[in-house]
Amino acid sequence: MTDSPTPTAPSNWPSQRPERIVVVGVDADQAPHIVQETARLAAAMSAGLVCAWVDSTQVIYGASLDGTRLITPLDPDQTAGASEALHERVHRFLAEQLAGSDVPWRLESTVGDIASGLTEVAQEWDADVIAVGGRRPGFSGWMNEVIGGSIAGHLVHTQHRPVLVIPGARDD
């Protein structure tokens, strides 16, 4: 499987790139307030919001001679189109969460390790800030952090740009 230029689904994105950029890590199952809070931050900074979805069900295994990344599913039984369906689900989630926002936003996607993918998008866009959601509540969130460490922790130790952690749980 080859990686064509990363498909983007621009929404409310101007023809001229905003001067400041906030990158936020997104997925379809995250708490909606994470995207909403990050959009408020981007508005306060007069920045564009680049929503970065990293498909961790696929990995890069090399590159072709023209530089195109070669990707493959981690699960050999993954159905064709599963990644595209998930990408569309993420886009719908973002469109719902950002419907009333004036912040210019777009969805960028990549594959592999989430922290590395967010770093890649932040470098590509020369982001001012990377925002991520905090650990998901409950046992599964705790297990993910114990086994793989937190994405925020990885980013804080490898970035030269600020990393903002939006708490995953809220007391409303």
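Tabulated results
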| read-out | value |
| --- | --- |
| Residue within the stretch 60-81 that is at pLDDT below 85, under 22 Å from H33 (Cβ atoms) and under 18 Å from the mean Cα position of the chain (by Cα) present | no |
| Failed item, numbered, when E37 is tested on (1) at pLDDT 90 or above; (2) surrounded by fewer than 17 Cβ atoms within 10 Å (Cβ to Cβ) | (2) |
| Of residues in the stretch 20-34 being within 12 Å of the chain's Cα centre (by Cα) and assigned to a strand (DSSP E or B), the one surrounded by the fewest Cβ atoms within 10 Å (Cβ to Cβ) | G25 |
| Positions within the stretch 40-57 being at pLDDT 95 or above and either surrounded by fewer than 17 Cβ atoms within 10 Å (Cβ to Cβ) or more than 16 Å from G133 (Cα to Cα) (or both), in sequence order | R40, A43, A44, M45, S46, A47, G48 |
| Members of the stretch 58-103 found to be surrounded by 13 or more Cβ atoms within 10 Å (Cβ to Cβ), in a loop (DSSP other than H, G, I, E, B) and in contact with a Leu (Cβ under 7 Å, 6 or more places away or on another chain), listed by number | V103 |
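The values are calculated or read from the model by the stated rules, or taken from the named source; none is laboratory data. Since the model is a prediction, treat every value here as computed from it, not as a measurement. Every residue, glycine among them, receives a Cβ derived from its backbone with ideal geometry; neighbour counts consider all protein chains shown.
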